[in-house]
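Engineer: Sharing a structure here in structure tokens format.
The values are calculated or read from the model by the stated rules, or taken from the named source; none is laboratory data. None of these values were measured; they are calculated from a predicted model. Every residue, glycine among them, receives a Cβ derived from its backbone with ideal geometry; neighbour counts consider all protein chains shown. Ligands, DNA and RNA are stripped out before the accessible areas are found, and what is left, the full protein with its side chains, is counted by its heavy atoms. Shrake-Rupley method; radii C 1.70, N 1.55, O 1.52, S 1.80 Å.
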Amino acid sequence: MIPHKLTLCLLLFLFNPSTIISQQRKPPAGGRLAVVVDERLAALRATPQLNGKLVRRLSRGRLMAIRSSKTGADGITFLLVNVSSRTHGWIQRDAVVASSRPADDRRLLSLIQRSNGFDRIARARILLDHFPRSPLRPEALLLLGDTAESLAAKLSQDAARRIKDDLGDAPEFSYYLNYNGLDRYNRQGVGFLFDKTSKRFHYDGAAWRELIRRYPRSPEAYIARERLNLLDSIRHKEAQKAQVSH
């Protein structure tokens, strides 16, 4: 429970998968649904070859419909996909995952584990959105929450540098909560708490609470409870500092 004398402002975008999904484009028709997870390999080509003519570069999270596949002499598998009703082409199999394909959730989790910072959060979000029955969801939730908390300190420092010399007439805390560095996290359903006294962000803990609520007997839920207890302890210490300062 947050002490009443500690002033914390919550970014009002909750950890809600349905909100994120509703913001995506409507999936194209014509085949099994897939989603781009590795934008480094997401070149849509006119032919199933690495040197094939580029149709367009696809972004992470882009939905597509798989029509067929073809493996070349070099061992690279390409998928013929519909990106929209008018756009189709070939994309390297390693760039996408599909919930209909066994073990793609494990492959995505491996990519998440090798990722850092925001990239890890965005890819964990894809697993949570597109693999609703995966047994790996508890691990993805824990990774998302832990990564968000680890980034909170840097976000605080970056916001302070940007804001300190550029204050207007509005309350100072509102500049922090409107800091544009938070926008991409907001779009991933990740929110942060802001302490006016210390001028620090903290992850709001939504992924950990989701983990405990949905998978209470998982090993990850035990760790999530420890994370929330630590977060409460930090807030309590900040509340005590705020009382002393007043």
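Engineer: Do we find that Arg133 is modelled with pLDDT of 90 or more, closer than 30 Å to Asp105 by Cα, open to solvent by 70 Å² or more (accessible area, probe 1.4 Å) and not in a helix (DSSP H, G or I) in this structure?
Structural biologist: So Arg133 passes the test.
Engineer: Also, quick follow-up: For the stretch 155-207, enumerate the residues that are part of a helix (DSSP H, G or I) and among the acidic types (Asp, Glu).
Structural biologist: Matches in the stretch 155-207: Asp158, Glu172, Asp183.
Engineer: Scanning the stretch 102-115 for residues that are open to solvent by 50 Å² or more (accessible area, probe 1.4 Å) and in contact (Cβ under 8 Å) with a residue 24 or more places away in the chain, which turns out nearest to Leu144 (Cα to Cα)?
Structural biologist: Filtering first and then ranking leaves Gln113.
Engineer: Quick one: Leu80 ticks every box in (1) assigned to a loop (DSSP other than H, G, I, E, B); (2) without any contact (Cβ under 8 Å) to a residue 60 or more places away in the chain except a single one, so which number is it?
Structural biologist: (1)
Engineer: Which of (1) open to solvent by 20 Å² or more (accessible area, probe 1.4 Å); (2) in contact with a Phe, Trp or Tyr (Cβ under 9 Å, 6 or more places away or on another chain); (3) at pLDDT 95 or above is the odd one out, the single condition Gly52 does not satisfy?
Structural biologist: Exception for Gly52: condition (1).
Engineer: A further question follows. Against the definition (open to solvent by less than 30 Å² (accessible area, probe 1.4 Å) and either modelled with pLDDT of 95 or more or within 14 Å of Leu143 (Cα to Cα) (or both)), how does Ala239 come out, yes or no?
Structural biologist: Criteria not met by Ala239.
Engineer: Looking at the stretch 79-101 only, could you name the residues that are under 21 Å from Pro132 (Cβ atoms) and open to solvent by 10 Å² or more (accessible area, probe 1.4 Å)?
Structural biologist: Matches in the stretch 79-101: Ser99, Ser100, Arg101.
Engineer: What's the number of the only condition in (1) open to solvent by less than 10 Å² (accessible area, probe 1.4 Å); (2) in contact with a Gly (Cβ under 8 Å, 6 or more places away or on another chain) that Asp158 fails to meet?
Structural biologist: (1)
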